[in-house]
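The values are calculated or read from the model by the stated rules, or taken from the named source; none is laboratory data. On a predicted model such as this, the values are computed, not experimentally measured, just so you know. A quick note on method: Cβ atoms are made from the backbone with ideal geometry, for glycine too, and the neighbour counts reach across all protein chains shown. The area values use the complete protein model at the heavy-atom level, side chains included, leaving out ligands, DNA and RNA. Shrake-Rupley method; radii C 1.70, N 1.55, O 1.52, S 1.80 Å.
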Amino acid sequence: MYVKRHKRMDVWLLAMQLVERIYALTATLPEQERFGLVNQMRRCAVSVPSNIAEGAARHSDKDFLRFLVIARGSLMELDTQMEICCRLNFLQHDNGSVELIEHVFAKLNALINSIKQAGTGV
C-alpha cells in the first residue's frame, strides 16, 4: 500500500488551510474579478499543496526540492495578488491570511533548507 506522506506534513496541512481561506476570501471580491484576480488567486492557492503533494510522491529528494520551490513561487504570487487586492481596495488588509502565507512560507523554507543540508538538494 502506498503511503501518502504529504498528508502527514505540517506544511501541506497549512497550505490546505490556506486554500480554504483564499476560496472564502475571493468569494467576497467584485464580480468583475471572477475571471481575473479570483481565478488567479485560487489557482495559486491550490498550486501550493498540489506541488507539495506531487513532490512528496517523487522518488528523489532532488525532484521533491524542485516541487517545493515551485510551491514557494506560487505562494509568493498569491502574496502579491493579496497586495494588489488591497491596493485596489477590493480587500482590507487581512492579517490572518497574510500570517498564514508567512507561516507556510517559513515551513517551506525550512523543509527546502533541510533537504539542501542533507546534501541531496541542488
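Can you report the number of residues in the stretch 36-69 which are more than 23 Å from Q92 (Cβ to Cβ), more than 18 Å from the chain's Cα centre (by Cα) and not polar (S, T, N, Q)?
Count: 4.
Looking only at the stretch 82-102, decide whether some residue is closer than 17 Å to R5 by Cα, surrounded by 13 or more Cβ atoms within 10 Å (Cβ to Cβ) and touching a residue at least 12 places away in the same chain (Cβ under 8 Å).
Initially, the stretch 82-102 is screened for residues closer than 17 Å to R5 by Cα, giving none.
No, the conditions are met nowhere in the stretch 82-102.
Residue pairs, Cβ under 7 Å, 6 or more apart or interchain, first in the stretch 24-42 and under 21 Å from I101 (Cα atoms), second of a type in the set (S, T, Y). List them.
Matching pairs, first to second residue: L25/S97; V38/T26; M41/T26; R42/Y23; R42/T26.
Which numbered condition trips up A110, out of (1) aliphatic (A, V, I, L, M); (2) outside any helix (DSSP H, G or I); (3) more than 18 Å from R21 (Cα to Cα)?
Of everything listed in (1) aliphatic (A, V, I, L, M); (2) outside any helix (DSSP H, G or I); (3) more than 18 Å from R21 (Cα to Cα), A110 misses just condition (2).
Restricting to the stretch 53-79, and then to whatever is under 18 Å from Y23 (Cβ atoms) and not small (G, A, S), can you tell me which residue is most open to solvent (accessible area, probe 1.4 Å)?
Filtering first and then ranking leaves E77.
Return the only residue of L29, L14 being open to solvent by less than 30 Å² (accessible area, probe 1.4 Å) and in a loop (DSSP other than H, G, I, E, B).
L29
If a residue must be farther than 17 Å from F67 by Cα and either hydrophobic (A, V, I, L, M, F, W, C) or in contact with an Asp or Glu (Cβ under 8 Å, 6 or more places away or on another chain) (or both), how many such residues does the stretch 1-25 contain?
7
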